[in-house]
Amino acid sequence: GRGIFLFRNLSQISKWRSEGRWKAESSDVESYVVQRYISNPYLIGGKKFDLRIYALVTNFTPLTVYLHRGGFARFSNSRYSSNASDISNHYVHLTNVAVQKSAENYNRETGGKWDVRDLKLYLMSRFGAQRIDKLFKDIQDVVLRSLLSVEKVMINDKHCFELYGYDIMFDDQLKPWLIEVNASPSLAANTGDDYNMKYSMLNDVLDLVDMERRLSGDETSVGGFDLIYRGGEEFRQPNSVYTTYLGCEIPR
């Protein structure tokens, strides 16, 4: 959440403009990304949240992508408000743990997080399995299309891999939006459940990268990771009623 601020018109960023950190000739120039605010986020309990999910790219030539079934939703501690008077209230608008952990009502037991599988089951109870399967497939497509968009410009090294942390929201029409892609995402844990999820995921990463050469290379699922794309072909698990395994139970 460092450096994030919200504004409604250009006059509200006059102080930022005067600092000059965005100017190329400045010695301490910084790059900024401007995004349109999603003003109609889907809320649970009146609170805003986003998803952190993980994709593992083992090759860019040909592009090979595995999506992890796990992840978590990160909730704000304050109820959502679209009032102009609340635009500077980060506890309302930002779901980053680094921001929310300083709130007075921060729950250290849950860390403001909810396992993505529990979220999926909750949504299925509200909208039905078919509609939520489509939502999660749309989220998977966001991940895949973002990687396809940079496939030709990424420097590929057959000895390397990359784990990406995706931050995704969806609105009250159940349309997903890509917020951010994190290379080398933070794997620090703030709860026991968070630690267990990330520890297991890292174990699956090392199993999938297979530095000990124990795999055949034809595996479509390893731990919590499922192959979703390889060499120009999108992959779907056979004999499944779901179009994506994102948010499904991880076999252990």
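The values are calculated or read from the model by the stated rules, or taken from the named source; none is laboratory data. Everything numeric here is computed off the predicted structure, so don't read it as measured data. A quick note on method: Cβ atoms are made from the backbone with ideal geometry, for glycine too, and the neighbour counts reach across all protein chains shown. We work out accessible area using only protein heavy atoms, side chains counted, and drop any ligands, DNA or RNA first. Shrake-Rupley method; radii C 1.70, N 1.55, O 1.52, S 1.80 Å.
With the simple spin-label model, which puts each label point 7 Å out from Cα in the Cβ direction, the residue 108 to residue 180 separation comes to 2.4 nm. If the segment from residue 161 to residue 85 were pulled out straight at 0.36 nm per residue, it would be longer than the present Cα-Cα gap by 22.9 nm.
Going 7 Å from the Cα of residue 141 in the Cα-to-Cβ direction, what parts of region 63-105 have a backbone nitrogen less than 18 Å from that spot? Taking a point 7 Å out along Cα→Cβ of residue 141, the residues of region 63-105 whose backbone N falls under 18 Å are 67. With a cut-off of 16 Å on the backbone N, the residues of region 152-179 near the modelled label site 7 Å out from residue 61 along Cα-Cβ are 152-161.
Once the Cα-Cα distance is subtracted from the 0.36 nm per residue extended length, the residue 196 to residue 10 segment shows a gain of 62.5 nm. Residue separation of residue 171 and residue 28 scaled by 0.36 nm, minus their Cα-Cα distance, works out to 47.8 nm of gained length.
If each DSSP helix of 4+ residues adds -39,500 (n - 2.57) and the sum is divided by the residues in the chain, what number results at 222 nm, nearest 500 deg cm²/dmol?
-7500 deg cm²/dmol
Counting only protein heavy atoms and a probe of 1.4 Å, the accessible surface of the chain is 49% carbon and sulfur. Calculated FRET efficiency, residue 154 and residue 220, Cβ-Cβ r, R0 41 Å, to nearest 0.05? So the FRET efficiency works out to roughly 0.95. In the full protein context, the chain carries 58 Å² of accessible surface per residue, based on a 1.4 Å probe and ignoring ligands, DNA and RNA. Of the labelled figures (1) 1.09; (2) 1.42; (3) 0.99, only one reflects Cα Rg over 2.2 N^0.38 Å as derived from the coordinates, namely (1). Summary of packing: across the peptides 213-225, 145-157, 53-65, the per-residue average of other C-beta atoms within 10 Å ranks them, highest first, as 53-65, 213-225, 145-157.
So which lysines can residue 113 reach, going by Cα to Cα under 30 Å and dropping same-chain residues fewer than 8 places off? Reachable lysines: 47, 48, 101, 134, 137, 175, 198.
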